[in-house]
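Participant: Submitted below is the structure of interest, expressed as structure tokens.
The values are calculated or read from the model by the stated rules, or taken from the named source; none is laboratory data. Keep in mind that what you see is a predicted model, and the values were worked out from it rather than measured. Positions of Cβ are generated from backbone atoms using ideal geometry, with glycine treated the same way; all protein chains shown enter the neighbour counts.
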């Protein structure tokens, strides 16, 4: 259950998001300047304009929210509770760490279900809304093969490759979740409601950057795409034209330093124009088999009858660890024993890794050895 402190801070962050003109970047600037979203609303126009550098219009928007005691956000929070929609603020320890470090990360993520957004390995799968039979076959086959590599999957629940990927992940037993371009009090496309419900029943669910009562709008899809790109370690593009959401998502992922993979096609195949473009412009790895993905990412295959299964059982015992401690334990079990090697994963800062190792050592889960080496005690 969320603590009162996080609850009030989430309310304040939601209210910031409801203020016209104050997006994630300005919101984070205000929170960093004043120390918390609650303290933002404890300030006044002089502080907002002088110390924080807001213009008159934005300061006026904040004043209206302050005068109304954040009633709009509180009403939304009550509606979310009634509909089992959870709001996770950016300062909450369970907020997805892959997103947190991004400049335009949402202040609050809304979700339904049990979202594995801090899973050790997350693959994004996207593609055209009008796939060829070959593209559909690739999607189903590759996801089934990737189910042996302990991944979670994210996509956008759109027509075409997205929903095929979600269904394939469900069939393969892969925890998967969708990022939506509207509030989570409804499902779009409505034809995919059953898939969305299945995802919630099989260790996944839905995510949105928008509170309840936000209707789908074309302008919201780029926001959805940035979250898909930010949440994954690797992004696989299966058929795409040179324009559209898949290319936007791939471009964003490339800018976020995520590994992008694309399946090539013949020059005359319009469904492959986007993939060929990404490969030609060195924005994506050419991918003709899942081995291209797992070798580049350094993902090891699950082995049910050997130590990997024991490691999985051990990880289940560490339910009281925060996301970074869980990730550090995973790295140690994979043979990554030096803080410098962990830092090269570009997921956490050096100070975060050092603190996690210290806390794990205090908990008796990690042993420090000579030469800046650490080993897991299991």
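Participant: Being assigned to a loop (DSSP other than H, G, I, E, B), crowded, with 24+ Cβ neighbours inside 10 Å and touching a helix residue (DSSP H, G or I) at 6+ places or on another chain (Cβ under 7 Å), is that true of even one residue in segment 183-205?
Facilitator: Looking for residues that are assigned to a loop (DSSP other than H, G, I, E, B), crowded, with 24+ Cβ neighbours inside 10 Å and touching a helix residue (DSSP H, G or I) at 6+ places or on another chain (Cβ under 7 Å), one finds none in segment 183-205, hence no.
Participant: Could I ask something else about it? Return the residues of segment 331-349 that are touching a helix residue (DSSP H, G or I) at 6+ places or on another chain (Cβ under 7 Å), part of a helix (DSSP H, G or I) and at pLDDT 85 or above; say none if nothing qualifies.
Facilitator: Across segment 331-349, the qualifying residues are 331, 339, 342, 343.
Residue-wise test of (1) touching a strand residue (DSSP E or B) at 6+ places or on another chain (Cβ under 9 Å); (2) at pLDDT 80 or above; (3) under 24 Å from residue 95 (Cα atoms); (4) in a loop (DSSP other than H, G, I, E, B).
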site: 296; (1), (2), (3), (4): yes, yes, no, no
site: 300; (1), (2), (3), (4): no, yes, no, yes
site: 305; (1), (2), (3), (4): no, no, no, yes
site: 318; (1), (2), (3), (4): no, no, yes, yes
site: 324; (1), (2), (3), (4): no, yes, yes, no
site: 352; (1), (2), (3), (4): no, yes, yes, no
site: 371; (1), (2), (3), (4): no, no, no, yes
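Participant: Kindly indicate whether residue 78 is at pLDDT 90 or above, outside the structural domain of residue 356 (by TED's automatic domain parsing) and surrounded by fewer than 17 Cβ atoms within 10 Å (Cβ to Cβ).
Facilitator: It is true that residue 78 is at pLDDT 90 or above, outside the structural domain of residue 356 (by TED's automatic domain parsing) and surrounded by fewer than 17 Cβ atoms within 10 Å (Cβ to Cβ).
Participant: Considering (1) surrounded by fewer than 18 Cβ atoms within 10 Å (Cβ to Cβ); (2) touching a strand residue (DSSP E or B) at 6+ places or on another chain (Cβ under 8 Å); (3) within 23 Å of residue 101 (Cβ to Cβ), say which one residue 258 fails and leave the rest.
Facilitator: (1)
Participant: While we're here: Do we have residue 94 as free of Cβ contacts under 8 Å to residues at least 12 places away in the same chain and either outside any helix (DSSP H, G or I) or not assigned by TED's automatic domain parsing to the domain that holds residue 183 (or both) here?
Facilitator: For residue 94, the condition - free of Cβ contacts under 8 Å to residues at least 12 places away in the same chain and either outside any helix (DSSP H, G or I) or not assigned by TED's automatic domain parsing to the domain that holds residue 183 (or both) - is not met.
Participant: Next question, about the same structure. Among (1) touching a residue at least 60 places away in the same chain (Cβ under 8 Å); (2) part of a helix (DSSP H, G or I); (3) touching a helix residue (DSSP H, G or I) at 6+ places or on another chain (Cβ under 8 Å), which single condition is residue 211 missing?
Facilitator: Of the numbered conditions (1) touching a residue at least 60 places away in the same chain (Cβ under 8 Å); (2) part of a helix (DSSP H, G or I); (3) touching a helix residue (DSSP H, G or I) at 6+ places or on another chain (Cβ under 8 Å), the odd one out for residue 211 is (2).
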